[in-house]
Amino acid sequence: MTAIILVVAAFLLLLPFVYESRNLLILLTQVFVFSIFAMSYDLLLGFTGIVSFGHAMFFGIGAYSMGIFMKRFEPTLTVFLLAVLTTIVLTGFVSFLVGLLTLRLKSHFYAMLTLSLSGLFLVLAEKWRTMTYGNDGFTFRVPELFIDRTNFYLLCLVVMVAVFLILKRFTNSPLGRVLQAIRENEQRTESLGFQVLHYKIAASVMSGVLAGIAGILYAISLRFVNTSVFAMDITLDALLMTIIGGVGTLIGAIIGAGLIEFAHHWLTELAKEHWIFERWIIFFGIIYILVVMFFPRGIVGTLSTLSWKRKQQPAVKKEEKIAG
Amino acid sequence: MSSLIETTDLSITFGGHTAVDAVSISVPEKHFKSIIGPNGAGKTTFFNLLSGQLTPTQGKIYYRGKDITKFSPTNRTRAGIGRSFQITNVFPNLTVLENVRLAVQSQAGIRYQMLFHYKKYRTFEEKALEWLRLVLLDDKKGSLASNLAHGEKRKLEIAMLLALETEVLLLDEPTAGMSLEEVPAILEVIKRIKEQGNRTIILIEHKMDMILDLSDSVMVLFNGRLLADGTPEEIMKNETVQSAYLGGLLDE
């Protein structure tokens with residue numbers, strides 16, 4: 001498994017030097033950005049068992065922070081770093097507050113709350129015209145370093161790998177193991193002597209900040225930002241990616257992001273052939289239903305159960321013999 | 001007599017129904033106390049009060065002379081009161097070893113470490129294995145908890161509880177819903193714990209004939225009230241107890 005990941009990573013790293021297709025690079029950059037976003041969502045959904053419908057708010061905060069900083073000040077690296085810092089502080093603060101609310105609100109109540117909170121941010125972005133230029137959004141210039149698509153592609157790749165490694169370590173740390181215990185049985189975790197709320201806040205902040213970083217990269221890749229970054233669609237994309245890829249696996253989020261982005265791309269291209277493909281969202285809906293019905297554990301989850309079963313089978317058979 | 005756990009006039013009322021009615025007990029250290037009583041007598045509710053799942057409407061709970069009535073379940077566990085549940089309550093999609101490892105981790109006070117890999121704490125796994133061995137479950141360490149048989153799950157529960165190394169063990173019907181063949185194994189585990197001699201155990205049990213020889217004292221709850229509290233022999237002889245609860249049992 002690790003070998004495959006390394007080979008793919010090396011391949012992606014070398015790709016821009018051997019194959020010069022601007023379109024593919026841009027598409028892959030998009031995949032990386034959404035991988036980061038989907039992984040941050042997976043930390044909540046797959047590891048801690050928190051269902052949030054408002055994850056787009058962190059994404060949007062990141063995108064708007066970057067956009068506004070780049071528009072208001074000179075597009076230099078210093079300003080870029082300042083924007084990153086602002087994003088981390090803002091998303092950290094908001095996700096801390098949201099995490100606090102998990103104390104009182106469980107499952108779907110929490111989901112509704114996050115939905116309405118992100119709606120609030122959407123309205124804010126629409127109405128605060130002096131800052132955000134409302135619904136139309138605005139374009140901005142980016143630091144020189146990122147104008148080159150290859151550079152930016154590499155940056156996104158590196159950030160994605162870093163986020164993957166950080167989250168891998170995070171979820172395998174003693175704290176991360178407690179998160180999974182919370183997902184399994186919150187009450188029992190409590191009676192083992194863990195302060196469940198602290199862990200939920202930790203997961204929420206971690207996930208929020210990483211989603212903000214994904215938002216930053218998204219804004220830079222488009223050099224444009226409008227209110228769509230706060231839209232429900234963004235959260236739904238993350239949900240779709242993690243579920244198709246396999247919740248609680250991290251790598252599943254990356255695979256899911258790749259699949260969705262590529263499928264999106266190809267389906268829109270097919271629109272020339274038949275008008276139905278312009279409504280590609282219909283297909284996503286169908287895929288989504290099929291996955292939830294037949295592969296509730298997603299691609300990675302299903303694959304790993306299969307290989308696990310193969311390993312276990314001889315042992316199970318032996319037991320059956322004894323029982324028989 | 002120095003008591004480890006003491007309750008005074010402990011009561012809880014749900015609407016108009018008083019589930020636990022002015023129960024005052026005191027349990028000395030290293031004591032094995034059993035709670036018996038018919039269904040609905042308030043045994044589990046009494047446990048919930050002790051472990052903090054419920055807050056009493058009246059009365060106080062003292063642990064080592066300290067008032068813990070307002071403590072949350074988490075804080076009570078940290079203070080030294082661990083409990084098992086009547087309904088099996090484990091982490092279903094984690095392995096058996098991981099279930100116990102989490103408890104060991106909590107006991108070791110490693111709660112917010114997020115930089116190192118959990119395998120760095122190898123001792124946790126070794127300790128968890130020891131606990132599994134004590135409850136005769138070490139051969140199942142790799143399977144998911146949800147794949148265990150009912151009796152095994154109960155053993156796992158007990159292992160998790162033991163791993164917390166709390167002074168007090170509250171065992172809520174450890175043999176509930178178990179087939180008769182499985183019961184001796186659990187009793188064996190409880191006996192082993194008792195033989196270690198460093199825990200205070202409070203046990204709820206229906207099958208009272210099994211626990212009489214284990215218990216130092218037995219208390220009888222009936223309709224939320226403390227009917228009697230004494231050595232197993234005293235309880236067997238006690239007439240009120242016999243008529244209220246044991247009557248049917250002795251006729252057999």
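Residues that are in a helix (DSSP H, G or I), surrounded by fewer than 17 Cβ atoms within 10 Å (Cβ to Cβ) and either of a type in the set (Ser, Thr, Tyr) or modelled with pLDDT of 90 or more (or both) within the range A:128-153 comprise A:130, A:150, listed in sequence order.
Evaluating residue B:71 against the criteria (1) facing chain A (nearest Cβ under 9 Å); (2) more than 23 Å from residue B:190 (Cβ to Cβ) leaves one unmet condition, (1).
Checking the stated criteria, residue A:202 turns out to be within 14 Å of another protein chain (Cβ to nearest Cβ), part of a helix (DSSP H, G or I) and closer than 25 Å to residue A:115 by Cα. Within the range B:39-63, the set of residues being part of a loop (DSSP other than H, G, I, E, B), away from every other protein chain (no Cβ under 14 Å) and surrounded by 15 or more Cβ atoms within 10 Å (Cβ to Cβ) comprises B:41, B:42, B:56.
Checking each residue in the range A:289-312 for being closer than 21 Å to residue A:232 by Cα and touching a helix residue (DSSP H, G or I) at 6+ places or on another chain (Cβ under 6 Å) picks out only A:291. Restricting A:77, A:81 to residues that are surrounded by fewer than 24 Cβ atoms within 10 Å (Cβ to Cβ), touching a Pro at 6+ places or on another chain (Cβ under 8 Å) and of a type outside the set (D, E, K, R) narrows the list to A:77. Quick check, is residue A:276 more than 14 Å from every other protein chain (Cβ to nearest Cβ) and part of a helix (DSSP H, G or I)? So residue A:276 passes the test.
Only residues that are surrounded by fewer than 24 Cβ atoms within 10 Å (Cβ to Cβ) and under 19 Å from residue A:63 (Cβ atoms): list them for the range A:236-249, please. Listed by number, the residues that qualify are A:236, A:239.
Could you go through the range B:64-87 and let me know if any residue there is over 25 Å from residue B:30 (Cα atoms), basic (Lys, Arg) and out of contact with any strand residue (DSSP E or B) (no Cβ under 8 Å at 6 or more places or on another chain). No, that holds for no residue.
Test residue A:232 against the stated conditions and say whether it is under 23 Å from residue A:179 (Cβ atoms) and either within 14 Å of chain B (Cβ to nearest Cβ) or surrounded by fewer than 23 Cβ atoms within 10 Å (Cβ to Cβ) (or both). Spelling it out, it is not the case that residue A:232 is under 23 Å from residue A:179 (Cβ atoms) and either within 14 Å of chain B (Cβ to nearest Cβ) or surrounded by fewer than 23 Cβ atoms within 10 Å (Cβ to Cβ) (or both).
Pairs meeting the criteria (first residue in the range B:227-252 and among the charged types (D, E, K, R) and modelled with pLDDT under 75, second residue surrounded by 11 or more Cβ atoms within 10 Å (Cβ to Cβ) and assigned to a helix (DSSP H, G or I), beta carbons under 8 Å, at least 6 apart or on different chains) are lacking. Just one of the listed residues (A:212, A:252) is buried (at least 24 other Cβ atoms within 10 Å of the Cβ), more than 14 Å from chain B (Cβ to nearest Cβ) and over 23 Å from residue A:118 (Cα atoms), namely A:252.
The values are calculated or read from the model by the stated rules, or taken from the named source; none is laboratory data. Keep in mind it's a predicted model, so treat the numbers as computed, not measured. Note that each Cβ is placed from the backbone with ideal geometry, even for glycine, and that neighbours are counted across all protein chains shown.
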